[in-house]
Amino acid sequence: MVTNLPPDAKSKWNEVTQTRNPETRLKLMGEFLSMVPKHKGTDKMCSQVKRQMAQLREEIEDKKKAAKRRSGPSYFVEKAGAAQVAVVGPTNAGRSSLLRAVTNSSVEPAPWPFSTRVPTPGMLPYEDIQFQLVEVPPIVEGSSEGRSDGFQVLSAARNSDGIIILVDLTDDPGGNILTVTRELENSRILTAEPQGEVEVTRRGHGSDIQYIWEGELDGCTTDDIAGLLREYKIRSALVRIRGRVTLDTVEDAMFGNAVYRPTLVIANKADLSSDPAVVESVRASAAPLEAMVVSAENPGDLKDELGAKLFELLGIVRVYTKQPGKEAAEAPIVGHRGMNVGDLAKLIHSDFYERFKYARIRGPSAKFESGRVGIDHVLMDGDIVQFHT
Ligand SMILES: Nc1nc2c(ncn2[C@@H]2O[C@H](COP(=O)(O)OP(=O)(O)OP(=O)(O)O)[C@@H](O)[C@H]2O)c(=O)[nH]1
Ligand SMILES: [Mg+2]
């Protein structure tokens, strides 16, 4: 929550957001902080800004280093399959072992800590799709401040579509779940779905605030928002409102963008501990996130169980297209819960969307005999869709 910033601080922040040059930006952020009164209401915002400053400093350093030597380990993993899921956690919890157990990855588990140094992918097949699991180097206390390559580690998590937090059932699982979720949250990666989301896109021209409504305001009006943005010297912007949004959510959006990543907790090494009290405490620490208890050493049906869990968690919807007089396509097009016929058309080709007349559906979402539907019809997993343009 950000409260009662003096006007000069707000206009300084405006300068910060207008500046691209990292060195100047860093200097302006320092000036901004010195203008912020220190109290409980500004704590969270100050630490967010400090973290952004630490990250900038590291970027500046990295650029200097990169200018000297042109190579280094890459933290970016190209997405593949239906979704990319980052497997994060403390060192030695068994992330490499999990990838060995459920994916085609040949990453080597090791008894010593910090053995995996760069994000390492593997594919987990599930029915007719695949999930890409990426083992991300360990998260430690202080990762969000840059400890142990923390910025790169956390940006790999941010870059994913979902997260698995893997902990060792025999090594303070509750404490480790809390540490990892705190480091994620500190770097603005939310593991619980936020009630409301705001996106503010500034425009260089015009003098009005336009809205895209995918939700509603809670305890404030559009006048309040326009007033707040004016204090930050923003007169023209596109504001996207999702879910229930308060004025605080809007102000929060001015300071670094939070992302939500659906998250599953897995407690590993169940073969070493079967104490129900420990399992119960893991579930309690993970809540409201769901927790699975597994053994990568002795995985049994883990491949299928994990595939099904991720499918549900990520809200995946598979749709099969069909051309008149032919069989439906074997490979699905992968979308997300809530996807409608128009979204699907856009995924295939913008032409399809523009020339759309109607579609015929067979499968779970079909309501009428003819299966004839319009562009807003919401699809369900397993639908077969024939477009008419
Ligand atoms: N008993 C038992 N040991 C396991 C299990 N999973 C992993 N281990 C052991 O735990 C140690 C660490 O496993 P890794 O898979 O390398 O752990 P990691 O999380 O990838 O560790 P780093 O990449 O080094 O941070 C190894 O000695 C594994 O053999 C399990 O389910 N049961
Ligand atoms: Mg590893």
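Which of the following residues is of a type in the set (A, V, I, L, M) and loosely packed, with under 14 Cβ neighbours inside 10 Å: ALA359, ALA331?
Being of a type in the set (A, V, I, L, M) and loosely packed, with under 14 Cβ neighbours inside 10 Å holds for just one of ALA359, ALA331, which is ALA331.
Okay, residues lined up against (1) under 18 Å from PRO262 (Cα atoms); (2) free of Cβ contacts under 8 Å to residues at least 24 places away in the same chain; (3) away from ligand 1 (no atom under 16 Å from the Cβ):
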site: ARG117; (1), (2), (3): no, no, no
site: THR120; (1), (2), (3): no, no, no
site: GLU127; (1), (2), (3): no, no, yes
site: SER143; (1), (2), (3): no, no, no
site: GLY146; (1), (2), (3): no, no, yes
site: SER160; (1), (2), (3): yes, no, yes
site: ILE163; (1), (2), (3): yes, no, no
site: LEU166; (1), (2), (3): yes, no, no
site: ILE177; (1), (2), (3): yes, no, no
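Looking only at residues that are aliphatic (A, V, I, L, M) and more than 11 Å from PRO121 (Cα to Cα) in the stretch 84-100, which one is nearest to ligand 1 (Cβ to nearest atom)?
Among residues in the stretch 84-100 that are aliphatic (A, V, I, L, M) and more than 11 Å from PRO121 (Cα to Cα), the one nearest to ligand 1 (Cβ to nearest atom) is ALA93.
For the stretch 73-83, indicate whether the set of residues that are surrounded by fewer than 16 Cβ atoms within 10 Å (Cβ to Cβ), under 30 Å from GLU135 (Cα atoms) and without any contact (Cβ under 8 Å) to a residue 24 or more places away in the chain is non-empty.
yes
Quick grid of which residues meet (1) buried (at least 16 other Cβ atoms within 10 Å of the Cβ); (2) outside the structural domain of PRO113 (by TED's automatic domain parsing); (3) modelled with pLDDT of 90 or more:
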{"residue": "GLU135", "(1), (2), (3)": "yes, no, yes"}
{"residue": "GLU145", "(1), (2), (3)": "yes, no, no"}
{"residue": "ALA156", "(1), (2), (3)": "yes, no, yes"}
{"residue": "VAL180", "(1), (2), (3)": "yes, no, yes"}
{"residue": "SER207", "(1), (2), (3)": "no, yes, no"}
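Identify the residue in the stretch 104-115 that is more than 7 Å from ligand 1 (Cβ to nearest atom) and out of contact with any Pro (no Cβ under 8 Å at 6 or more places or on another chain) and, among all such residues, is modelled with the highest pLDDT.
That would be ASN104.
Go through the stretch 203-239 residue by residue and tally those that are aromatic (Phe, Trp, Tyr) and under 18 Å from LYS10 (Cα atoms).
1
Given the conditions (1) more than 17 Å from TRP13 (Cβ to Cβ); (2) over 24 Å from the mean Cα position of the chain (by Cα); (3) of a type in the set (Ser, Thr, Tyr), which single one is not true for TYR260?
TYR260 satisfies all of (1) more than 17 Å from TRP13 (Cβ to Cβ); (2) over 24 Å from the mean Cα position of the chain (by Cα); (3) of a type in the set (Ser, Thr, Tyr) except (2).
The values are calculated or read from the model by the stated rules, or taken from the named source; none is laboratory data. Nothing here was measured: the structure is a model prediction, and the numbers come from that model. Glycine gets a Cβ as well: all are built from the backbone with ideal geometry, and neighbour counts include every protein chain shown.
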